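First comes the structure, then the notes that go with it.
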Amino acid sequence: TDVMYRLSGLVDVGVDIGGGDVLKTGGVSATLTIPAGVTIAQKTPDDYLVVQRGSKIIANGTRSNPIRFTAASAVDGTLTNPDSATGLWGGIVILGKAPINRCDAANLNTADCERVVEGSTTAIMGGASPADNSGRLNFVRVEYAGKEIFTGNELNGITFGGVGYGTEVDYVQIHNNQDDCVEFFGGTVNVKHLVCTNAGDDNLDIDWGYQGKMQFVVVKQNVGAGDHIVESDNTNS
């Protein structure tokens with residue numbers, strides 16, 4: 001506990017293993033374990049985390065020792081505008097092999113139904129495994145994140161791309177994110193005890209056939225800032 005680390009640039013956990021039962025050429029499954037009480041403090045918008053398909057993040061904080069993803073300036077005392085600061089580092093992207101629906105009808109619910117996730121130009125999400133497990137987020141706080149990759153493509157506080165219901169997400173707060181608090185691109189992951197505060201855009205952004213459940217969600221928006229509490233989109237069909 002009371003240990004601090006930094007994500008230096010884009011940090012990938014594992015190498016994409018594909019969306020089916022056959023290991024993709026070059027795929028590597030890895031697990032990033034973050035103990036309770038750890039702070040991960042970033043310095044630039046280019047510092048962010050991507051958990052690739054087939055890999056896991058185990059961020060198992062506790063009520064008294066949460067895990068904190070934040071900006072270095074929020075830790076060293078140089079952050080001068082904590083009420084409005086956003087976009088000081090990138091964010092978290094978690095990818096899985098659960099179904100998305102952004103593909104041809106012939107490929108729905110198959111390993112071939114996959115897409116590049118928002119917040120990246122190469123990271124792939126989707127597959128045919130609703131019960132896929134991308135790890136655990138428990139008592140985790142994400143602060144001052146968000147980055148525009150290119151126009152219309154941004155990093156959210158946490159992006160869930162094709163994440164399955166084997167993943168545990170419980171007691172999570174995203175504070176002062178430049179874009180959305182959380183965004184779900186398909187997948188089946190369930191979320192409990194989620195707090196979104198001062199998001200720059202939407203709070204719960206749901207796309208491409210998300211089929212998970214949410215329970216105990218609190219949203220607080222800044223006056224004159226942010227967009228919708230819920231934005232729900234689907235494919236044109």
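The values are calculated or read from the model by the stated rules, or taken from the named source; none is laboratory data. Note that the structure is predicted; figures quoted are calculated from it, not measured. FYI the Cβ positions are ideal-geometry reconstructions off the backbone, even for glycines, and counts take in every protein chain you see. Keep in mind that these areas ignore ligands, DNA and RNA; they rest on the heavy atoms of the full protein, side chains included. Shrake-Rupley method; radii C 1.70, N 1.55, O 1.52, S 1.80 Å.
Numbers below:
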{"read-out": "Separation of the LYS220 and ASP104 label points, Cα + 7 Å toward Cβ, nm", "value": "5.0 nm"}
{"read-out": "Cα coordinate range in the range 98-237, projected on the principal axes (Å, largest first)", "value": "46, 32, 25"}
{"read-out": "Note, ³J(HN,Hα) from phi for the range 56-66, Karplus 6.51, -1.76, 1.60, rounded to Hz, x at Gly and Pro", "value": "9, 10, 10, 10, 10, x, 10, 4, 8, 9, x"}
{"read-out": "Cα centroid separation, the range 193-237 to the range 41-94 (Å)", "value": "19 Å"}
{"read-out": "Helix-derived mean residue ellipticity, 222 nm - over the chain, DSSP H n ≥ 4, -39500 (n - 2.57), to 500", "value": "-500 deg cm²/dmol"}
{"read-out": "Cα-based Rg / Dmax (Å) for the range 44-164", "value": "16.1, 54"}
{"read-out": "Of LEU194, LEU79, LEU137, the one that fluctuates the most in a GNM where the chain has Cα springs shorter than 10 Å", "value": "LEU79"}
{"read-out": "Per the chain, cysteines lacking a partner by the 4.7 Å Cβ criterion", "value": "none"}
{"read-out": "Å³ per residue enclosed by the Cα convex hull of the chain", "value": "114 Å³"}
{"read-out": "Per-residue ³J(HN,Hα) for the range 212-219, Karplus 6.51 cos²θ - 1.76 cosθ + 1.60, θ = phi - 60°, Hz, x for Gly and Pro", "value": "x, 10, 10, 9, 6, 10, 10, 10"}
{"read-out": "Positive-end residue of SER8, ILE58, ASN101, charge dipole of the chain with Cβ unit charges", "value": "ILE58"}
{"read-out": "Proximal lysine pairs, the chain, alpha carbons under 17 Å, eight or more residues apart or interchain", "value": "6"}
{"read-out": "Cα-based Kirkwood hydrodynamic radius, the range 50-97, one decimal, Å", "value": "13.2 Å"}
{"read-out": "Unit charges at the beta carbon, dipole of the chain: most positive-side option, ILE17, ALA145, SER120", "value": "ILE17"}
{"read-out": "Accessible area expressed per residue, the chain, with surrounding protein chains retained (probe 1.4 Å, Å²)", "value": "44 Å²"}
{"read-out": "Taking the chain and dividing mean pair separation by its residue count, relative contact order in percent (alpha carbons under 8 Å, at least six apart)", "value": "16 percent"}
{"read-out": "Share of carbon and sulfur in the accessible heavy-atom surface of the chain [1.4 Å probe, %]", "value": "49 percent"}
{"read-out": "For the range 20-34, Karplus couplings with θ = phi - 60° (6.51, -1.76, 1.60), whole Hz, Gly/Pro x", "value": "x, 7, 8, 4, 5, 4, x, x, 9, 8, 9, 10, 9, 10, 10"}
{"read-out": "Cα-derived Rg over Rh, computed across the range 82-142 with Rh taken as Kirkwood radius", "value": "1.10"}
